[in-house]
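Here is the structure we will look at.
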Amino acid sequence: MTSNSIKVACSSCNLRELCMPVGLSAEQMERIDEIVATRRKIKRGSALFRNGETFTSLYAIRTGFFKTSIATEDGRDQVTGFQMAGEIIGLDGIVNDRHSCDAIALEDAEVCVMPYSSLEDLSREVTALQHHVHKVMSREIVREHGVMLLLGSMRAEERLAAFLLNLVQRLHARGFSQHELILRMTREEIGSYLGLKLETVSRTFSKFAEENIIEVKQRHVRILDTDKLQGLINTQACSA
């Protein structure tokens, strides 16, 4: 693992509004700056943390993309999520003081380290921070419920449509295009996350391309018809 410590200030970060509460006073922001004192660089393919490691910190992703995964009983890696810049990672460790999954960088990445004990102490003083931490945890629960719905009741086309729309919406919130994205994960990793075989993922991508819903060039995806993609999910929602 490559881990370089760099001094950083949340107050001057352009992703601040994504991973920190808004409307903090200069003094409160200063207190948070004291806690989030370092960044760590993680090379592509390296782990930020692994299953079973002692939990000490939450991490705000500054640049790059991660996947979280757990090892199944038969030794396969089951992808449980994909995280991008502005999102908080490491919440899995809070419950038992140990991480319950692996977090692997899908490209060279940089994270801001937030020691959890310091974060807890400051949360008692700065209620907006406490509220924000609860909000982040709640968002994770909502995300997991969404994944359960995805895996439990959706066909392959609906799963992939929901996945692409979710990804592009999250990227758009970070200033990227509403219609184009570069997939940082492999088709196999997408299949693992969506509960689909690799061949099914590839076949569904091809089907979407044939129907002029998307244009695919290797990892570059352009959404040509957002309404049609959305319609696939809405049809499911109506019949559910």
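Observations
- Restricting segment 63-119 to residues that are at pLDDT 95 or above and among the basic types (K, R), the residue that is surrounded by the most Cβ atoms within 10 Å (Cβ to Cβ): K67
- Check on E120, over 30 Å from F205 (Cβ atoms) and of a type in the set (D, E): yes
- Filter result for F208 (more than 23 Å from S69 (Cβ to Cβ) and free of Cβ contacts under 8 Å to residues at least 40 places away in the same chain): no
- When V142, V201 are checked against the criterion of being within 30 Å of Q28 (Cα to Cα) and not charged (D, E, K, R), V142 stands alone in meeting it.
- Within segment 221-231, being within 25 Å of T80 (Cα to Cα) and either among the small types (G, A, S) or modelled with pLDDT of 95 or more (or both) holds for V221, R222, I223.
- All conditions in (1) surrounded by fewer than 18 Cβ atoms within 10 Å (Cβ to Cβ); (2) within 16 Å of the chain's Cα centre (by Cα); (3) closer than 21 Å to S69 by Cβ hold for L183, with the sole exception of (1).
- Taken over segment 158-179, the residue count meeting the criterion of being charged (D, E, K, R) and exposed (fewer than 14 other Cβ atoms within 10 Å of the Cβ) is 1.
- Some residue of segment 191-198 being open to solvent by 70 Å² or more (accessible area, probe 1.4 Å), within 24 Å of S69 (Cβ to Cβ) and within 23 Å of the chain's Cα centre (by Cα): yes
- Sole residue being modelled with pLDDT of 70 or more and under 20 Å from the mean Cα position of the chain (by Cα), chosen from R39, R16: R39
- Residue in segment 121-130 that is at pLDDT 85 or above and open to solvent by less than 20 Å² (accessible area, probe 1.4 Å) present: no
The values are calculated or read from the model by the stated rules, or taken from the named source; none is laboratory data. In this text the structure is predicted, and so the values were computed from the model without any measurement. Counting neighbours? That spans all protein chains shown, and the Cβs are built from the backbone with ideal geometry, glycine included. What goes into the accessible areas is simple: the full protein's heavy atoms, side chains included, and nothing from ligands, DNA or RNA. Shrake-Rupley method; radii C 1.70, N 1.55, O 1.52, S 1.80 Å.
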